[in-house]
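Enquirer: Pasting a structure here, questions to come.
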Amino acid sequence: MKTIYLDHAATTPLRPEVLDAMLPWLKEDYGNASSLHRFGRTTRAMIDEARHRLADCLETKANELIFTSGGTESDNAAIFGAAAGYTAELRKQEAGRKSGPGHIITSRIEHHAVLEAVLRLEEQGVDVTWLPVDRYGQVQVEDVAKAIRPDTFLASIMMANNEVGTIQPIREIGGLLQSAGVLFHVDAVQALGSLPISLQTLPVDMMSFSAHKIGGPKGIGALYVSSRVRGWKPLMLGGSQEKARRAGTENTAAIAGFAKAVDIATKDLSSKQPFMEKLRLLMITALSDGLQEFDVVVNGHPTDRLAHILNVSFPGTDTESLLMNADLAGVAVASGSACSSGSHERSHVLGAMGLSEDVMNSAVRISFGIDNTVEETIEAANRLIPIVRRLGGRSGHN
Ligand SMILES: Cc1ncc(COP(=O)(O)O)c(C=O)c1O
């Protein structure tokens, strides 16, 4: 029995072209980009070129992109960097002109990489407004407007949610924050390769990216820091790599792979989306038809959502048993974010959406990728249907 991988929101397989782009930098071209000799210069030239390619794909300038170890580091660097900049600025100002440890706005449905970083700052005395979301998992622009204070120095709201796929009104929120002079960080880890991103036109100051969600290697990502931003301070200190904004010898092969993956993902964007939409709809239809006498509840926004993520609940069953049985049947699906499914915690995202207990406790995330086929999708649905029946899905539509 062939295992069907439907967990692309957790990670994606490495594309063969990406592996090819990486191999020379793991074999013969091993120079350290900081070295002045020819080995170093070869590596330096590749990194410069990779940064320019990434910048072209994201419609920004190369010097606004910093390579990091992935989405988690980018999120941490954005948040702690903004807080460090704000504190340093306060110290410089005359006493009384600005007061307090400052204020951050974020939402209750952010990835743990943002939530935990903001929680750390809250422990250290920074005030935090944790914005609610509606039942579809969307932040309301009015709530952001109401939360802005004179001492708000940062807002961090994701572009699209990794558990339910709901897209946030980033442009409207960014416009508001820009006129209030508040730094805006956006976690676009899940959006990259699924939504067009033009940093030139988005009112965003910092944005996080990760390669392994788009067919790139794990452990590499980028943080966009607009040249408009003043006072942001680096998280990693040491050497002057990345123009002293991220110390540490560059992960050369991963950078080469990331640039290749972004290149392909950007070119494939317009064909990928309709295909993902097709597989998602096929799965919903197959599950609903096969489980007609049971409740099948689709979670997330009906239209403002990523095409490749389907979060679906089977009230009366429970997520853990569903996942275990699906795995035994050769279908790899998840409960939500990778960390939550590893520890079987209840999802903070579904909780913030105010879903009923039985919907929350039986939610499964099915996420598609470019290698999935129509046949596989139907086969996966056919394997999942008897599991839901066996686990006692709830009959009747209420
Ligand atoms: C929205 C979001 N942000 C951040 C991350 C963390 O990225 P990485 O795995 O590259 O550290 C993830 C990965 O699950 C994610 O989905």
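Enquirer: Suppose we filter the stretch 324-339 for residues that are surrounded by fewer than 20 Cβ atoms within 10 Å (Cβ to Cβ), in a helix (DSSP H, G or I) and at pLDDT 95 or above; how many remain?
Expert: 4
Enquirer: Moving on to the next point. Quick one: which residue in G193, G181 is buried (at least 23 other Cβ atoms within 10 Å of the Cβ) and at positive phi?
Expert: G193
Enquirer: A follow-up question, please. Tally up the residues in the stretch 140-163 that are surrounded by 21 or more Cβ atoms within 10 Å (Cβ to Cβ), part of a loop (DSSP other than H, G, I, E, B) and more than 16 Å from the ligand (Cβ to nearest atom), please.
Expert: Residues meeting the conditions: 0.
Enquirer: Which condition breaks for A50 when tested against (1) modelled with pLDDT of 95 or more; (2) of a type in the set (A, V, I, L, M, F, W, C); (3) more than 18 Å from G221 (Cα to Cα)?
Expert: Result: A50 fails condition (3) only.
Enquirer: Can you work out which of the residues in the stretch 215-232 that are touching a Phe, Trp or Tyr at 6+ places or on another chain (Cβ under 9 Å) and farther than 30 Å from K92 by Cβ is surrounded by the most Cβ atoms within 10 Å (Cβ to Cβ)?
Expert: G216
Enquirer: Can I ask one more? Within the stretch 230-249, is there a residue that is in contact (Cβ under 8 Å) with a residue 24 or more places away in the chain, of a type in the set (F, W, Y) and part of a loop (DSSP other than H, G, I, E, B)?
Expert: Yes; the residues of the stretch 230-249 include at least one that is in contact (Cβ under 8 Å) with a residue 24 or more places away in the chain, of a type in the set (F, W, Y) and part of a loop (DSSP other than H, G, I, E, B).
Enquirer: Here are some residues: T60, T42. Which one is buried (at least 20 other Cβ atoms within 10 Å of the Cβ), over 12 Å from F258 (Cβ atoms), away from the ligand (no atom under 12 Å from the Cβ) and not charged (D, E, K, R)?
Expert: Exactly one residue qualifies, and that residue is T60.
Enquirer: Looking at L121, L131 in this structure, which one is touching an Asp or Glu at 6+ places or on another chain (Cβ under 9 Å) and aliphatic (A, V, I, L, M)?
Expert: Result: L131 is the single residue among L121, L131 that is touching an Asp or Glu at 6+ places or on another chain (Cβ under 9 Å) and aliphatic (A, V, I, L, M).
Enquirer: Ok, one more. Looking only at the stretch 164-189, how many residues end up being within 16 Å of the ligand (Cβ to nearest atom) and in a loop (DSSP other than H, G, I, E, B)?
Expert: 5
The values are calculated or read from the model by the stated rules, or taken from the named source; none is laboratory data. Since we're looking at a predicted model, the values are computed, not measured. A quick note on method: Cβ atoms are made from the backbone with ideal geometry, for glycine too, and the neighbour counts reach across all protein chains shown.
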